[in-house]
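Reading through the structure tokens given below for one structure.
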Amino acid sequence: MHKLTIKKGDQTFNFNVPNGKNLLEFLNENSFYINSPCGGKGICGKCRVKIKDEQKKPLEKELMLLGSDYIQKGFRLACYYDIDKDIEVEVLELENEAQIAVDGVIKPFTLNNPVVSKKEIQFDEPDLNDQRSDLKRLLDHLGHPAISLKLLRKLPELIRENNFKATYTLYRYNKLLDIESRSLQKPYYAIAVDIGTTTVAAYLLDLYEGKCIDTYATLNPQRKYGADVVSRINYSDQSSDNLNSMHKAIIDCINNDIIGHFLNHSNVVSNDIYSIAIVGNTTMLHFIMNISPHNIALTPFISATTELHEFDAKELGININEHGMAIVLPSVSAYIGADTVSAVLASGMIDKDEISLMVDLGTNGEIVLGNRQQLFSCSTAAGPAFEGAQIRNGMGGVTGAIDSFRISSGTIYYTTIGDKKPIGICGSGLVDIAAELLEVGVIDETGRVQEDQNSSFNKHTKKIDGLNSFVLVNAEDSGNKSVLAITQKDIRELQNAKAAVTAGIKVLIKRAGIEIDDIKKVYFAGGFGNYINIQSAVKIGLIPKALEDRVEPIGNAAGAGAILLQMNTANIDKALEICKKIEYIELSASIEFMDEYIECMTFGLL
């Protein structure tokens with residue numbers, strides 16, 4: 001056994017660890033979150049930890065991924081480090097510092113038909129001329145909803161104790177959730193949850209008043225198993241215990257983090273929450289239902305289900321009213337999930353004759369084009385670069401990440417999330433950096449970082465681990481005392497990501513048989529879309545110049561759509577209609593996409 005001391009901020013933790021135990025595995029098992037987008041496969045170079053007085057020579061692959069700058073400062077990759085002695089490790093905890101978009105553009109809604117409704121009724125008292133059963137009297141008011149045996153058992157006593165008055169709670173006209181003696185005036189609630197690969201956003205809804213009364217967002221706890229869905233699928237495939245762990249992680253997040261927050265901050269009790277609507281990509285929905293998504297990662301990419309599901313919430317282990325419902329919204333395919341369906345609903349494009357384009361750049365990039373008559377969609381593997389997974393100093397939208405960048409008269413200016421010292425670069429910052437370096441000639445349209453710069457940028461251009469690079473922040477000015485730079489490899493990663501998105505857009509335009517000018521509105525959804533500089537996106541060719549003035553950021557449209565579903569049950573039917581109208585195009589099988597992808601690799605205006 002070896003002594004492991006972990007420093008996290010001003011806290012110190014001590015453990016005894018078996019010889020040979022992998023450091024990343026131990027940290028994950030003991031709830032110390034370490035950024036590991038590849039899920040511990042040793043290919044992303046992100047699971048950096050600082051080991052005090054470390055003299056062990058790094059492996060060649062580790063040195064290549066981490067870089068000599070970090071090695072000299074005592075950093076190592078946790079996935080490569082097997083504990084064979086007493087060590088002291090310093091970890092950076094980013095758990096509560098993420099910039100997560102919870103706002104969304106929500107269409108006007110009405111409360112004439114919410115998913116859960118309450119109504120106070122006065123029963124006709126029985127007599128010898130009216131010998132209907134107690135249940136028949138109830139059903140004569142409500143129609144014929146399903147009723148549990150537990151509610152049926154309490155019905156006779158409850159109505160007689162209250163002079164044949166009661167308040168019922170009904171789910172979508174087909175299931176009785178509760179029957180009570182209390183007055184109708186007391187509020188009742190529902191929750192809408194958007195489970196993203198990286199983040200989880202939730203909304204507490206007052207269905208009596210018809211408004212959102214609280215929001216909460218956090219990082220998805222499953223990210224320790226990998227940044228992308230394929231990494232998590234591979235992890236869950238290893239054993240049934242791993243699949244259960246993935247399921248438990250998100251259920252615990254809903255119960256402890258989300259519902260726990262709402263109960264503590266909004267004067268709500270769990271028994272008054274009757275419904276939770278859940279959207280997310282298809283893989284995330286498999287995990288929440290504890291269904292293996294194994295076949296999603298394999299050609300021909302078949303999911304176990306893309307249907308609408310309405311479960312008893314307790315069947316999923318979600319702690320709301322014991323009779324409450326969990327609504328898992330429908331998906332289109334393995335890679336066009338309920339989050340995209342929900343975002344289409346929130347954008348309103350399904351209700352318009354004019355043609356709209358919606359782009360949601362998260363860990364994956366989903367694109368939808370069309371109008372009320374027909375919708376076309378595709379999914380691109382763009383997110384890892386935009387979320388920093390393959391970028392030397394890349395990171396998510398957390399405190400200290402460079403989120404905007406510009407060059408003026410040879411001087412560099414940038415901002416960071418939280419106005420803290422910079423420690424990395426998030427997606428919006430990366431797009432700005434590429435656009436500005438392209439503008440001043442540091443990179444050319446092919447993406448090549450120029451070796452010979454004019455005098456204004458000589459001090460910023462250097463070789464880092466053998467790659468032409470542009471230094472953004474010197475070590476003494478950064479928050480982690482390390483050089484922050486963009487390397488030639490980073491530029492190539494960005495080119496691959498932007499080419500995938502742009503080519504996807506062009507394929508949809510061709511499939512729809514339209515021209516770019518036919519697109520009247522471009523909706524940018526998701527956190528990245530909310531913060532990206534549109535002018536920078538146009539400069540690098542992420543979106544066509546012709547669409548620059550038609551872009552409208554709509555924030556967390558997936559969450560907004562889930563709210564609409566709770567507020568009006570007709571929107572569940574509309575979500576099903578959207579699924580039927582979307583034609584999904586599998587880009588991996590498209591020769592046309594590969595041709596467009598190659599064409600879109602260069603930077604510059606489209």
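Between the beta carbons of E60 and K463, assuming R0 = 25 Å, the FRET efficiency works out to 0.85 to the nearest 0.05. Histogrammed with a bin width of 20 Å, the alpha carbon distances of the chain distribute as 19, 48, 26, 6, 1, 0 percent, first bin at zero. Rg over Rh for the range 421-538 works out to 1.04, using Cα positions for both radii and the Kirkwood form for Rh.
Each Lys or Arg adds one and each Asp or Glu takes one away; over the other residues whose Cβ falls under 15 Å from the Cβ of I598, this sums to -2. Among beta bridges identified by DSSP and lying wholly in the range 189-328, the antiparallel ones come to about 65 percent.
Of K510, K459, the sequence from fewest to most neighbouring Cβ atoms within 10 angstrom is K459, K510. For the chain, the relative contact order works out to 14 percent when only alpha carbon pairs closer than 8 Å and six or more residues apart are counted.
Each Cα pair of the range 321-448 feeds into the Kirkwood radius, which the Stokes-Einstein equation turns, at 25 °C and 0.890 mPa s, into a diffusion coefficient of 141 µm²/s. Projected label points at K520 and R153, each 7 Å from Cα along the beta carbon direction, are separated by 5.8 nanometres. With the gyration tensor restricted to C-alpha atoms of the range 225-299, the semi-axes of the equivalent ellipsoid amount to 29, 12, 10 Å, longest first. DSSP bridge analysis restricted to the chain gives an antiparallel fraction near 70%, rounded to the nearest 5. In terms of other Cβ atoms within 10 Å, D206, D490, D130, D237 run from fewest to most in the order D130, D237, D206, D490. Cross-link reach is defined here as a Cα-Cα straight distance under 25 Å, omitting same-chain residues fewer than 8 places apart; for K521 the lysines meeting it are K107, K352, K498, K506, K510, K539, K545, K574, K580, K581.
Across all directions, the average flat footprint of the convex hull enclosing the Cα atoms of the range 456-606 is 13.2 nm².
As a proxy for reagent exposure, ranking V269, V473, V332 by other Cβ atoms within 10 Å from fewest up yields V269, V473, V332. With N counted as the residues of the range 269-396, its alpha-carbon radius of gyration over 2.2 N^0.38 Å works out to 1.21. Counting lysine pairs in the range 2-90 that sit 8 or more residues apart in sequence, or on different chains, and whose Cα atoms lie under 14 Å apart gives 16. For K136, the lysines whose Cα falls under 28 Å of its own Cα, not counting residues fewer than eight places away in the same chain, are K118, K119, K150, K154, K165, K175, K186, K314. Could you give me the percent of Cα pairs per 10 Å distance bin for the range 2-90, shortest bin first, beginning at zero and ending with the bin that holds the maximum distance? Computed distribution, short to long bins: 17, 55, 27, 1.
Dividing the C-alpha radius of gyration of the range 189-328 by 2.2 N^0.38 Å, with N its residue count, gives 1.05. How many angstrom separate the Cα center of the range 369-413 from the Cα center of the range 217-255? Cα centroid of the range 369-413 versus Cα centroid of the range 217-255: 24 Å apart. Enumerate the residues in the range 571-606 having an amide nitrogen under 14 Å from the point lying 7 Å beyond the Cα of F301 toward its Cβ. Answer for this model: 583-594.
Values in this text are rule-based calculations from the coordinates and carry no lab data. Computed from a prediction, not measured in an experiment: that's the story for all the values here. Here Cβ is always computed from backbone atoms with ideal geometry, including for glycine, and neighbour counts include all displayed protein chains.
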